[in-house]
Amino acid sequence: MQIKATLIAALTLLLVGCGSDHDKAIGLYQYENKFTGSERVAEIKKDGDTYLFIENVLNNTDAMALSESDEGLSYRNTPLKLSEDGNTLYFGPINGTRISSDDLKAKLAAIEKDEKICGELQEQVAANKSLQKDEWNAYVKTVREKMPEDCDIVGAAMRW
């Protein structure tokens, strides 16, 4: 009888240690927003017993709690599915490819660099407001060549 109890306890520990099948979804996924064309990184993570979906970690969007069922994870009846190899996420309009945390760190560093460049250009534009029309327009062209993709410089318009 003691062997049977020990075997049941060992099996229970083994099953508890295996984790949920839903844990395979945990990770980072890069995708393109179909409406804006901008690159985003989604994250699926676990906080205690709750699975969370963050639509865009690059912009710190809010986490949404996912529902668990035998069929998988979902949010408001929209199922979250993974490809057989686990490298592609399908979730509503999102088709994302799994990336590493190092990839995310590189993306965040690039965003920080672009924000710094944008800020410096904004300061330069403000300092050069006194240029005459022709000089200003030539200057604005050089500024636009240096601007990162998501940079919006206030006051850097051509003068007519």
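The values are calculated or read from the model by the stated rules, or taken from the named source; none is laboratory data. The structure presented is a predicted model; accordingly, all values stated were derived computationally and were not measured. Using ideal geometry, Cβ is built from the backbone for each residue, glycine included, and neighbour counts are taken over all protein chains shown.
Determine, yes or no, whether SER130 is modelled with pLDDT of 90 or more and within 28 Å of ASP49 (Cβ to Cβ).
Numbers: modelled with pLDDT of 90 or more: yes; within 28 Å of ASP49 (Cβ to Cβ): no.
Against the criterion (modelled with pLDDT of 90 or more and within 28 Å of ASP49 (Cβ to Cβ)), SER130 does not qualify.
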Of all residues in region 142-155 being outside any loop (DSSP other than H, G, I, E, B) and not basic (Lys, Arg), the one that is farthest from ILE111 (Cα to Cα): THR142
If you check every pair at least six apart or on different chains, which have Cβ atoms under 8 Å apart with a residue in region 122-137 that is without any contact (Cβ under 8 Å) to a residue 60 or more places away in the chain first and a residue that is in a loop (DSSP other than H, G, I, E, B) and surrounded by 12 or more Cβ atoms within 10 Å (Cβ to Cβ) second? GLN122/ILE153; VAL125/ILE153; VAL125/ALA156; TRP136/ASN128
The one condition GLY155 fails out of (1) of a type outside the set (A, V, I, L, M, F, W, C); (2) exposed (fewer than 10 other Cβ atoms within 10 Å of the Cβ); (3) at pLDDT below 90 is (2)
